[in-house]
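The values are calculated or read from the model by the stated rules, or taken from the named source; none is laboratory data. The structure presented is a predicted model; accordingly, all values stated were derived computationally and were not measured. Cβ coordinates were reconstructed from backbone atoms using ideal geometry, including for glycine residues, and neighbour counts include every protein chain displayed. Protein only, heavy atoms only, side chains kept; ligands, DNA and RNA dropped before computing areas. Shrake-Rupley method; radii C 1.70, N 1.55, O 1.52, S 1.80 Å.
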Amino acid sequence: MSAPEAQRSASPRALRPSAKVLPEHARSHNRSLVLQHLYRGGLQSRADLARETGLTRVTVSDLVAELIADGLVVETGQRDEGRPGKPAILLDINRDGHRIIGIDLSDTGVFRGALLDIDGRVVTRMEAATDGAAGDDVAALAVQLVRDLVAASDRPLLGIGIGSPGIVDLGGRVLSAPNLEWSDLALQSIVEDAIGLPVIVANDANAAALAEHSFGGALGDLMLIRVGRGVGAGLILGGMPVFGSRFAAGELGHVVVGTDGGELCVCGKHGCLETWLSVPRLRAGLDAASDAEARDDVLRRAGERLGIALAPVVGALNLDEVVISGPVELLDGPLTEAAIETFRARTMAEFHGDLTVRMSDLGQDIVMRGAAAMVLSGRLGVS
């Protein structure tokens, strides 16, 4: 089996442990199970964890001792129970004991990075202007941004997460990112070799979807539409990211929407979703509009095309919600309203009438926070 075939057949990383595993993997699984309950549940005793996880008290005590020694769990004091007997010692994940580096390579002209805590909160921010660099030169800028964040960290680092534009395989290789002039770039290996820390690289829209799943109050199965220089989507189904057989799940930007032509796209087709919805196209349309009514018309036409694109996807997958991420001043309002109206008109209300369509609340940090979520999942098995 060739390397690409092996990668395509690999199972996607689960965001959290959810089923029994083989005995040889049991300890790692159980360790993640304990961490997940503390991460989401907070303050619990060893007995609480045994009840919640179904593990024996002996196993839990052994795992907790190991996690405390690793600096991942801390004892926070005794529970005030007001009843006879020795009070239980409460435990929590060590929320301020480590840092994560999150990198967003998706914006035009600038790379963004941050040190984040285990709860996905930004501690320190940095930016690096790309100044039109491309290929190996822009990859070197990304590595230097990571180096600067490593130097700024005041805690041990769990790992580095990177959200990149383009098609990214499960080994962190950027198969294609035309805007950066990257083709078959082993970005994960490049950064690991340069920095010496664990690195996870994923498509920026997939990272953004993970941010919504972990930090944005996602309801369940979701699609996140990320609108920027291009248009892409990330999918979370059954608590797991969907990558596709060739790692291109969610690549909606170059799907032709409608049958009435449309503007020429950089890919050579006419009427791709990106020609209606990308930020540069929207801004150009608004700049050319003569008045407020014409500006609303530009936004509503883009929203209609988004609704047309969403209807068959939601119909096929029966999603709980669609989340839109991008410039609020462009996307919230007439554009989103038109997308919802068009979607409703093209689907069956009895099956999809409860679908939520909303703007993300995570703002500009969404990819960096999603990169942190990738590290939490990959390194600790929590989300």
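The table below lists the values:
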item	result
Residue satisfying all of: in region 122-134; out of contact with any Gly (no Cβ under 7 Å at 6 or more places or on another chain) and modelled with pLDDT under 95; most open to solvent (accessible area, probe 1.4 Å) among these	D131
Top-ranked residue in region 22-42 [being more than 22 Å from A373 (Cβ to Cβ) and open to solvent by 50 Å² or more (accessible area, probe 1.4 Å); ranked as modelled with the highest pLDDT]	R27
Residue in region 208-216 that is open to solvent by 20 Å² or more (accessible area, probe 1.4 Å), farther than 21 Å from L317 by Cβ and out of contact with any Cys (no Cβ under 7 Å at 6 or more places or on another chain) present	yes
Subset of region 8-21 [surrounded by fewer than 18 Cβ atoms within 10 Å (Cβ to Cβ) and either charged (D, E, K, R) or at pLDDT 85 or above (or both)]	R8, R13, K20
Selection status of R99, within 25 Å of the chain's Cα centre (by Cα) and of a type in the set (K, R)	yes
Selected residue (only one of A114, A65 is open to solvent by 10 Å² or more (accessible area, probe 1.4 Å) and either farther than 19 Å from P165 by Cα or touching a helix residue (DSSP H, G or I) at 6+ places or on another chain (Cβ under 7 Å) (or both))	A65
Every residue from region 45-60 that is open to solvent by 20 Å² or more (accessible area, probe 1.4 Å) and closer than 17 Å to N94 by Cα	R46
Segments classed as strands (runs of 3 or more DSSP E), wholly inside region 106-205, with at least 3 members that are more than 16 Å from M368 (Cα to Cα)	174-177, 182-185
Tabulated pairs, region 300-325, first open to solvent by 30 Å² or more (accessible area, probe 1.4 Å), second of a type in the set (S, T, Y) and assigned to a helix (DSSP H, G or I), C-beta under 8 angstrom, 6+ apart or interchain	E304/T342; I308/T342
